[in-house]
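Worksheet for the structure shown next.
Bear in mind that the values in this text are calculations on the coordinates, not laboratory data. Note that the structure is a prediction, hence the values are computed from the model and not measured. Here the Cβ positions follow ideal geometry from the backbone for every residue, glycine too, while neighbour counts run over all protein chains shown.
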Amino acid sequence: MTSPKSLWEFLPFFLGGVPVTLEVTFLAMAVAVPVAIILAIGRKSPRAFVRWPAGFVIEFFRGSSALVQLFWAFYVLPLFGLTLPPLVCGVLVLGLNEGSYMSEVVRAGLDAVPKGQREAAVALGLPARYRLFRIVLPQALPLMVPPFGNELITMLKFTALVSLVTIQDLSFRASLIGDTLGHNGPIFALTIAVYFVLALSLGVLVRMLERAAARRAGRHVTEATVPHGALITPALPSSIPAWALGGGG
Amino acid sequence: MSGFHWDWAFAWSIVPELAQGVVVTVIATAAGSALAFMLGMMWTLVRIAQIRLVTPAVWFFVQFVRGTPLLIQLYFLFYVLPTWGLSVSAFATGIIGLGLFFSAYAAEIYRAGIEDLPAGQWEAALTLGLPVRRVWAGIILPQAVRAVLPMLGNIVVSMFKQTALLSTITVLELLAHGMAIGQTTYRFVEPLTLVGAFYFVVSYLSARALRALETRDEIRA
């Protein structure tokens with residue numbers, strides 16, 4: 001049995017993993033967002049030499065396991081003379097992987113901009129680059145904020161993988177402490193709890209960003225989009241008629 | 001340093017060993033998916049039943065599973081299940097971990113399936129005066145599940161890729177075999193590339209097949 005005191009002693013070292021985990025999360029997200037935007041725009045390009053590589057990158061990173069990609073970057077790339085520091089390796093793989101998934105979100109955002117906007121820009125004779133950066137993207141980006149926010153939390157969970165390439169994040173420190181104590185249960189229970197609290201905190205941050213983005217986009221934020229107590233009260237499909245719900249049990 | 005060159009003879013020689021890992025990976029995916037679909041349905045039923053205290057507790061658990069990394073969940077199960085007197089193998093632990101994690105996503109998919117059912121189904125069921133239990137078991141759920149089969153397929157594909165994590169809890173699946181070969185021969189290029197290629201080919205083809213299935217369903221509907 002582990003005495004709680006010994007786990008307690010390691011607590012400062014363990015919590016030192018929080019900033020590392022957050023750092024990897026935000027850095028990887030900083031890679032993923034531009035990657036997603038570039039890939040989504042690339043995929044819509046009328047030129048095949050742009051469209052094809054973009055499609056290839058998306059399918060490549062989505063197609064195989066992120067852990068395998070991480071190990072490949074860590075163990076195989078050095079053999080080709082490209083030795084990346086573990087942090088760069090982890091951030092790049094997570095960013096490119098998640099960015100490939102997020103390119104779908106960007107595509108949906110771009111598609112959601114009314115066609116008339118593009119047509120009007122064409123009618124005004126605006127050059128293609130101006131149409132994209134000044135007309136379409138500014139309208140599409142606020143739409144992408146809520147899904148990007150969800151991806152931030154996905155990324156937080158995703159970062160646990162980098163502990164396997166020697167980055168000293170929460171998971172890495174948890175394993176180390178568990179091995180030192182010879183008893184892994186309590187530290188991993190604590191680790192799960194810390195990740196959950198971090199995810200909830202990021203959720204609050206994301207909701208604040210959502211509101212700001214909605215205000216920027218000139219939309220009214222209804223309270224209904226931010227359900228309170230969603231953690232324990234599951235939303236039921238609105239289509240279910242009242243008579244079909246048990247109630248009470 | 002060896003490893004700059006791709007050695008075909010070496011690559012061929014390790015295929016049989018990797019194939020052993022493939023078998024484990026495929027079984028884990030199949031068993032994990034079955035567990036995820038069953039548990040996901042259980043969460044959905046608990047959600048619909050709205051049982052006081054039980055539904056909030058179960059729902060908190062589901063959100064908890066969704067909100068934390070699969071890797072840590074696997075570690076936790078791996079180290080804690082034995083201390084609860086459950087002496088399950090690493091392989092079984094991995095399947096439980098995968099099933100539990102993806103059941104949270106399956107529950108959301110079932111919910112979408114129920115939501116998208118045409119209102120006429122409810123109206124017809126009410127008109128026929130069927131008991132509520134039969135409405136759910138005989139009309140609503142079977143149709144909802146059938147409608148979301150392609151989405152459940154996507155869960156299988158995601159899980160297939162995530163089985164690589166089982167290597168961290170000593171399950172000798174595909175990635176673990178690849179790493180073991182790398183560590184004994186000091187050649188990582190061939191095993192890790194073959195492992196990655198295998199994941200890619202299987203999940204790319206399955207994703208394409210599922211997309212085709214979805215469009216076919218859309219055309220039919």
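With both labels modelled 7 Å from their Cα along Cα-to-Cβ, the residue B:209 to residue A:122 distance reads 4.0 nm. Of interest is the spacing of the C-alpha centroids, which for region B:115-144 and region B:57-112 amounts to 31 Å.
With a bin width of 10 angstrom, please list the P(r) values of region A:28-124 as percents of all Cα-Cα pairs, from the 0 bin to the one holding the largest distance. Calculated over all Cα pairs of region A:28-124, the distribution is 16, 37, 30, 11, 6, 1 percent.
Residues in region A:93-107 carry Karplus couplings, in order, of 5, 4, x, 5, 5, 5, x, 5, 5, 6, 4, 5, 4, 5, 4 Hz; the curve used is 6.51 cos²θ - 1.76 cosθ + 1.60 with θ = phi - 60°, and Gly or Pro positions show x. Can you tell me the orientation of helix B:119-128 relative to chain B, as the angle in degrees between its alpha-carbon axis and the longest Cα principal axis, to the nearest 10? Tilt of helix B:119-128: around 50 degrees.
Relative contact order for chain A: 25 percent, from Cα pairs under 8 Å spaced at least 6 residues apart, divided by residue count. Taking 41 Å as R0, compute the FRET efficiency from the Cβ-Cβ separation of residue A:60 and residue A:180 and round it to 0.05. My answer for the efficiency is 0.60. For region B:3-99, rounded, prolate or oblate, judged on the Cα gyration tensor with a ≥ b ≥ c (square roots of eigenvalues), a/c < 1.5 rounded, else prolate if a/b > b/c? Note, shape of region B:3-99 comes out prolate.
Spin-label model, residue A:8 to residue B:216: label points 7 Å out along the Cα-to-beta-carbon direction sit 6.3 nm apart.
Pick out, from A:37, B:129, A:124, the residue whose Cα sits farthest towards the positive end of the charge dipole of the protein assembly as shown, with +1 on the Cβ of Lys and Arg and -1 on the Cβ of Asp and Glu. Farthest towards the positive pole: A:124.
Axis of helix B:149-162 versus longest Cα principal axis of chain B: the two differ by about 30°, to the nearest ten degrees. Counting beta carbons within 10 Å around each of A:183, B:177, B:5 and listing the fewest first gives the order B:5, A:183, B:177. Legend: ranking of residues A:68, A:204 from fewest to most surrounding C-beta atoms inside 10 Å; resulting order A:204, A:68. At a threshold of 8 angstrom on Cα-Cα distance, excluding pairs fewer than six apart, so keeping six or more, what relative contact order does region B:8-220 reach in percent? Dividing the mean separation by the residue count of region B:8-220 yields 30 percent. On full extension, the segment bounded by residue A:200 and residue A:216 gains 3.3 nm, given 0.36 nm per residue less the C-alpha separation. Taking the empirical scaling 2.2 N^0.38 Å for compact globular proteins as reference, the protein assembly as shown has a Cα radius of gyration ratio of 1.05. Volume per residue of the convex hull around the Cα atoms, evaluated for chain A, comes out as 198 Å³. Given the convex hull over the Cα atoms of region A:177-220, what projected area results after averaging over all orientations, in nm²? Computing the convex hull of the Cα atoms and averaging its projections yields 3.6 nm².
Cβ crowding within 10 Å ranks B:206, B:167, A:64 as B:206, A:64, B:167, fewest other Cβ atoms first. Build a GNM of chain B with springs between Cα atoms under 10 Å apart, and of B:155, B:109, B:140 the one that fluctuates most is B:140.
Return the single residue from A:235, A:160, A:32 with maximal mean-square fluctuation; model: Gaussian network over chain A, springs between Cα atoms under 10 Å. Per the Cα network of chain A with a 10 Å cutoff, A:235 tops the list.
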